[in-house]
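Comments concern the structure below.
Taken together, the values in this text are just the output of simple stated rules run on the coordinates, not laboratory data. As the structure is a prediction and not an experimental result, all values here were calculated from the model. Cβ: placed from backbone, ideal geometry, glycine included. Neighbour counts: every protein chain shown.
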Amino acid sequence: MQNEYLLLTPGPLSTSETVREAMLKDWCTWDDEYNKEIVEVIRRKLVTLATKSAGYTSVLMQGSGTASVEATIGSAIPNDGKLLVVDNGAYGARMAEIADYLNIACEVLAPGETSQPSVQAVEEQLQRDSDITHLAVVHCETTTGILNPINELITIAKRYNKVVILDAMSSFGGITMDIGEMGVDFMISSANKCIQGVPGFGFVIAKQSELEKCSGQARSLSLDLYAQWKCMQDNHGKWRFTSPTHTVRAFYQALLELESEGGIEAREARYTENQRTLVQGMRSLGFTPLLNEELHSPIITSFYSPTHSDYQFKEFYNQLKNLGFVIYPGKVSNADCFRIGNIGEVYPSDIKRLIGAVKKSMYWEIVK
Ligand SMILES: *Cc1c(COP(=O)(O)O)cnc(C)c1O
């Protein structure tokens, strides 16, 4: 079954036909065939993709990516702990909102949506407030596509002995990194982003010694990260509650396809080429990216909306969709823009076709 259009969105995204086909079978959650040969293999492969360092483990969690973020924040921070969140977009803001819902003490450092957080400002905050125990930061802030300087931020956090929570939801699998080398304690991502699976669960790759400290700390039964991990660990991949079997099976297939593409490095090269082709093509049509080029990620790019009085996003969107491409509305609060994602089963040749479709869809420039 073919897709009618390409999703140029940051997840759910366009998946391969073979990933979708992997969902055509039903699985029993009690069988070794599922638990040992699918779930456990996924857990091991994820750790291998994330780091060469020993001492890391992984846990899968039902729900969208936010459920895994909420499980991590709600389980990792003790009652007397305090979280510092770096917020330069909707996903940073969401982590602070989660802390607020869960009554976790929280400070927010918000440099604005089009700027990287200053490492110095983070250090000053850590010096000023010794109650802070955890730092949470987003790697690629999907709101704009900005890439945050996580190496520098984590180095500072570690110098002050803070536990680091990294939301690498939209970057893991698409940008090379070694979380062990960086010193990340909890890294969160989900099935339907750069691994190119379908939605239904998220996952956390954690330093096992830190995860073990979460025992008994969760503020929610179903989002107890430690209990979920303990169940999988002790029962060879068994989930605590109903697992999204089809999604998990598709994810396994997606991991095999990531390997045959050549691993994360090769995928990053493809996404980077997609993004470069996109920005060059869009610029040639008169569009301007929201961010300075050095802040761009290979994941998603925001462009200013045309200022022509006839322009309406919905109309532009519909015309592009009719031509086979789905783009994304903007999410920045202080600028009118739209976004185009580069991730998923998308190749530079698709981006070239997209540029042709954008040109055809610029109805506001066509003289009536
Ligand atoms: C997609 C995403 C999430 C999670 O979003 P869900 O809609 O809950 O899957 C969190 N953080 C970032 C940076 C994301 O891109």
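Miscellaneous remarks
- Gained length - S222 relative to A121, 0.36 nm times residue gap less alpha-carbon distance: 32.8 nm
- Cα long-axis angle, helix 119-128 against the chain (0 to 90 degrees, to the nearest 10): 30 degrees
- Extending 7 Å from Cα along the Cβ direction at E265 and again at S209 yields two label points whose distance is 3.0 nm.
- Cβ-based charge dipole, the range 248-368, positive-most Cα from Y311, L278, A266: Y311
- Antiparallel bridges, percent of DSSP beta bridges restricted to the chain (to nearest 5): 55 percent
- With the convex hull constructed from alpha-carbon coordinates only, the chain shows a mean projected area of 18.1 nm² over all directions.
- On the basis of the beta-carbon distance and an R0 of 35 Å, K321 and E33 show a calculated FRET efficiency of 0.30.
- Estimated D of the range 262-365 in µm² per second, where Rh is the Kirkwood radius over Cα pairs and Stokes-Einstein applies at 25 °C, 0.890 mPa s: 175 µm²/s
- Rg(Cα)/(2.2 N^0.38 Å) for the range 278-338, N = residue count: 1.12
- Put a plus charge on the Cβ of each Lys and Arg, a minus charge on the Cβ of each Asp and Glu, and nothing anywhere else: the dipole of the chain about its Cα centre is then about 540 debye.
- Prolate/oblate/rounded call for the range 92-191, Cα gyration tensor, a/c under 1.5 rounded: rounded
- Distance between the 7 Å Cα→Cβ label points at Y363 and Q2: 2.5 nm.
- The range 232-280: chymotrypsin sites (Phe, Trp or Tyr not before Pro) in DSSP coil with no more than 16 other Cβ atoms inside 10 Å: F241
- Which of Y311, Y226 has the fewest Cβ neighbours within 10 Å, and the rest in rising order: Y311, Y226
- FRET efficiency, N235 to A105 (Cβ-Cβ, R0 30 Å, nearest 0.05): 0.30
- Listed residues G55, T29, V69: farthest to the positive end of the dipole of the range 28-96 (Cβ charges): G55
- Förster radius 22 Å - calculated FRET efficiency between S284 and Y304 (Cβ-Cβ, nearest 0.05): 0.90
- With contributions of -39500 (n - 2.57) from each DSSP H run of at least four residues, the per-residue ellipticity at 222 nm computed over the chain stands at -11500 deg cm²/dmol.
- Taking a straight line from the alpha carbon of K314, these aspartates and glutamates sit under 19 Å away, with near neighbours fewer than eight places off in the same chain left out: E4, D336, E365.
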